[in-house]
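Taking it in order: structure first as structure tokens, then the write-up.
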Amino acid sequence: MDKLDIDEYWDKAELTSSRLSSVLTSQIRTWVYISQINTARQNLQMIVAASRLINSKQSLSCFTRSVLSEVDKFIGLRNGGIICALNPQSKHPLQVIASSGVFEHLPDNVPLAVEHLDVPAAAIEQAILRREHQWQDQYSVLYFNTQATETYLMVIKHNTALPDGSHSMLQVFCENINSGFKNIALLNRLSDLAYKDPILGIHNRNWLVRELELMAAQDIEQTMMLMVEIEHFDESMLAFGDQFCNRLLEQVYQTLSGQLPEAIAIAKTGDNAFALLLPRQIELSHDTFKPRLIMNDEVTQQLFLTASLLELRHFIHRQPETILVLARAACTTARRAGKQFIHVDRQFSDKTTAGYNLLQDLRLAINHQQLSIVLQPKVRLADEAVVGLEALVRWQHPHGHFVPPCEFIPIAEASGVVGLLDRLVFKQVVSTLQTLHSAGYALPIAFNLSSSDLLDGALMTELIDFARSNQPGSRLLEVEITETQIMGDYAQFRQALDKLIDAGIQISIDDFGIGYSSLSKITHLQAHSLKIDKSFIDDVTTDINARHIAEMILRLGQRFGFSIIAEGIENPEQKAYLLHQGCEMGQGYLFSQPMPLDHLLEWLCGRAIVNVRP
């Protein structure tokens, strides 16, 4: 009473027996009310603190164990216990998630055998059936519905009736627990969407990237990554549909899991690709990747796999995404070499790193216009009169050395920056044509376009607009296109070639003879000239097969009206042979090396020139 400051002062003459009884009753009642308010405040504080604690847990295991601990604090269990179980809403038994007290001997993630425990089976059934809590003197069964595919039950053994106030407080706390279960279900769903493949239900690329990011250095030292790709997957998708391919993926997954049981993890990293984390000590058999026959939907199919193996210790400073890209690039390298398996060593990694660094330097060089063109004359073989020029791109690295075209052009094509490179070359060709015009020369200049350039609407418009303009040299523009780039799917490029020809641009097919041309395509080929590849000219005086190919190309040109230009003529014997076979034009070191414009102007002085008349 003193603590709550409940007191009154009365004069002795006024204090009767009945009044004294009334005063004491009132004061005691006040004390009870205030005590209840304080208890409620304390309980509310406990609920808030407990709710904050359990809602900070993001895994189901941590969450349920925190819930058991907090419920125990609320009701003060003695010789009791709590079981938290998952109800999968099926014929399967309840699954134990966590337990405490007299039930702590129950292992997690095992079915709850109600008949073997002193738990109220009828109350559990009623909670599931009615979807509500069940309260009994010695047991309580709490029901939680996440509105997902699963629900949760909590069986509390308290032996005696719950203390006054505990029942209400527990009901309030149950609302917070239910919200927590919903949050966990939502997090699990989001995690599945982010880190699981929807077709196979296994880890996906995002999971593998995260795993590689979190992997400790000692684990990286002892782990390898195996990338496996299914060949001809797109063809199977087109021929048989997605259901067939989904079952194919399942078969490959089961095959890999069965043949590599030591795998630490397996993830689906692409439409047709799996990545496995393996102990470094494992010895792989190449038989794993040999072609095999499989049965899928009563269709017998030959399965081809290509794989690359990387020891993660060699890539410890690489980003996970870079490692995955490198693994798939290695599969592509193996495929091109006709292999089913490739071991990616440090040398391969260094080569890839050098290629990546070269690409970054090339991007900067293009942006800062650090590349230039040199010009190689084309001559009439009969008298070596100059009939035209070919523009070849050169790159002098800021460090001072020249980067060979055979190194940076394939990287430009593979990375998609070849369009920027060709646009830069085109602008320099236009400037060179104008300079030559001012010097009194009207020599056509040819430069290379990639097949992707033909599909670049903006670049095509620039070419055609220049060719149709009245600018100096606008009628002297020629384009060279490599045979291998357009003959594979000639139909999609023909319209672009027609537009260039209609604008007055001459078309040459470069490196003719090494690609996949057929006679049916040659008869409809939209071009003015064919260039015999240097590889045939090199051996034309010593190899009968090279002579046969050169003679065949010359006859095709004569038959179908193409001009023929021989590339890479380096000695008089080659020139004499080509003249004898009727080849009229050529280029090569026998006549001149490629040279800058100022050297070309000096070289042209006093030479025979076949100027093109407008």
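The values are calculated or read from the model by the stated rules, or taken from the named source; none is laboratory data. This is a predicted model, so every value here is computed, not measured. When we count neighbours, we look across all protein chains shown, and the Cβ atoms used for this are built from the backbone with ideal geometry, even at glycine. For accessibility, only protein heavy atoms count, side chains too; no ligands or nucleic acids. Shrake-Rupley method; radii C 1.70, N 1.55, O 1.52, S 1.80 Å.
Within the range 308-358, can you find the residues that are open to solvent by 80 Å² or more (accessible area, probe 1.4 Å) and assigned to a helix (DSSP H, G or I)?
Correct list: Arg313, Glu321, Val325, Arg335, Arg336, Arg346, Gln347, Asp350, Lys351, Tyr356.
For the range 331-351, indicate whether the set of residues that are touching a Leu at 6+ places or on another chain (Cβ under 6 Å) and of a type in the set (Val, Ile, Thr) is non-empty. Give the steps one after another, and end with the answer.
Applying the first criterion (touching a Leu at 6+ places or on another chain (Cβ under 6 Å)) to the range 331-351 yields 343-344.
Among the residues that remain, those that are also of a type in the set (Val, Ile, Thr) are: 344.
Looking for residues that are touching a Leu at 6+ places or on another chain (Cβ under 6 Å) and of a type in the set (Val, Ile, Thr), one finds at least one in the range 331-351, hence yes.
Within the range 119-146, how many residues turn out to be in a loop (DSSP other than H, G, I, E, B) and either within 17 Å of Leu68 (Cβ to Cβ) or open to solvent by less than 50 Å² (accessible area, probe 1.4 Å) (or both)? Don't jump to the end; show me each part of the working.
At the first step, the residues of the range 119-146 found to be in a loop (DSSP other than H, G, I, E, B) are 119-120, 131-133, 136-138, 146.
Subsequent filtering for residues that are either within 17 Å of Leu68 (Cβ to Cβ) or open to solvent by less than 50 Å² (accessible area, probe 1.4 Å) (or both) retains 119-120, 133, 146.
Total meeting the criteria: 4.
Looking at the range 454-469, is at least one residue hydroxyl-bearing (Ser, Thr, Tyr) and within 23 Å of Gln370 (Cβ to Cβ)?
no
Here are Ser592, Ser508, Ser563: which of them is in contact with a Gly (Cβ under 8 Å, 6 or more places away or on another chain) and hydroxyl-bearing (Ser, Thr, Tyr)? If you could, list the steps in order and put the result at the bottom.
On the way: Ser592 fails: in contact with a Gly (Cβ under 8 Å, 6 or more places away or on another chain); Ser508 fails: in contact with a Gly (Cβ under 8 Å, 6 or more places away or on another chain).
Ser563 is the lone residue from the list that is in contact with a Gly (Cβ under 8 Å, 6 or more places away or on another chain) and hydroxyl-bearing (Ser, Thr, Tyr).
For the range 79-102, give me each residue that is part of a loop (DSSP other than H, G, I, E, B), at pLDDT below 70 and not hydroxyl-bearing (Ser, Thr, Tyr).
Those that are part of a loop (DSSP other than H, G, I, E, B), at pLDDT below 70 and not hydroxyl-bearing (Ser, Thr, Tyr): Asn79, Gly80, Pro88, Gln89, Lys91, His92.
Strands (runs of 3 or more DSSP E) wholly in the range 437-530 with at least 1 residues that are open to solvent by less than 40 Å² (accessible area, probe 1.4 Å) and closer than 16 Å to Val425 by Cα - which ones? Show your work before the answer.
Details: elements: 445-449, 477-482, 506-512.
The strands (runs of 3 or more DSSP E) meeting that bar are 445-449, 477-482.
In the range 323-356, what residues are under 20 Å from the mean Cα position of the chain (by Cα) and free of Cβ contacts under 8 Å to residues at least 60 places away in the same chain?
Val325, Leu326, Ala329, Thr332, Thr333, Ala334, Val344, Ser349, Thr352, Thr353, Gly355, Tyr356
Taking the condition of being touching a Lys or Arg at 6+ places or on another chain (Cβ under 6 Å), open to solvent by 60 Å² or more (accessible area, probe 1.4 Å) and not in a helix (DSSP H, G or I), how many residues in the range 185-222 meet it?
1
Looking only at the range 124-183, count how many residues are modelled with pLDDT under 80, charged (D, E, K, R) and touching a strand residue (DSSP E or B) at 6+ places or on another chain (Cβ under 8 Å).
The total comes to 1.
Considering only residues that are under 22 Å from Glu384 (Cα atoms) and in contact with a helix residue (DSSP H, G or I) (Cβ under 8 Å, 6 or more places away or on another chain), look in the range 555-569 and name the one that is surrounded by the most Cβ atoms within 10 Å (Cβ to Cβ).
Looking at the filtered set, the residue picked out is Ala566.
Looking at the range 251-270, which of the residues that are within 24 Å of Arg210 (Cβ to Cβ) and either part of a helix (DSSP H, G or I) or of a type in the set (Asp, Glu) (or both) is most open to solvent (accessible area, probe 1.4 Å)?
Glu262
Would you pick out the residues in the range 373-422 that are acidic (Asp, Glu) and open to solvent by 40 Å² or more (accessible area, probe 1.4 Å)?
Once the filter is applied, which keeps residues that are acidic (Asp, Glu) and open to solvent by 40 Å² or more (accessible area, probe 1.4 Å), the range 373-422 yields Asp383, Glu384, Glu407, Glu413.
If Asp538 meets every condition in (1) open to solvent by 20 Å² or more (accessible area, probe 1.4 Å); (2) more than 23 Å from Pro444 (Cα to Cα); (3) at pLDDT below 90 apart from one, which number is that one?
If we test Asp538 against (1) open to solvent by 20 Å² or more (accessible area, probe 1.4 Å); (2) more than 23 Å from Pro444 (Cα to Cα); (3) at pLDDT below 90, just (3) comes out false.
Out of the residues in the range 277-307 meeting the condition of being in contact with a Phe, Trp or Tyr (Cβ under 7 Å, 6 or more places away or on another chain) and outside any strand (DSSP E or B), tell me which one is surrounded by the most Cβ atoms within 10 Å (Cβ to Cβ).
Phe289
Limited to the range 427-446, what total is found for residues that are without any contact (Cβ under 8 Å) to a residue 40 or more places away in the chain and either touching a helix residue (DSSP H, G or I) at 6+ places or on another chain (Cβ under 7 Å) or of a type in the set (Lys, Arg) (or both)?
1
Based on what the data block shows, is Gln434 over 32 Å from the mean Cα position of the chain (by Cα) and loosely packed, with under 15 Cβ neighbours inside 10 Å?
For Gln434, the condition - over 32 Å from the mean Cα position of the chain (by Cα) and loosely packed, with under 15 Cβ neighbours inside 10 Å - is met.
Considering (1) outside any helix (DSSP H, G or I); (2) crowded, with 16+ Cβ neighbours inside 10 Å, say which one Cys245 fails and leave the rest.
Here Cys245 meets the rest and fails (1).
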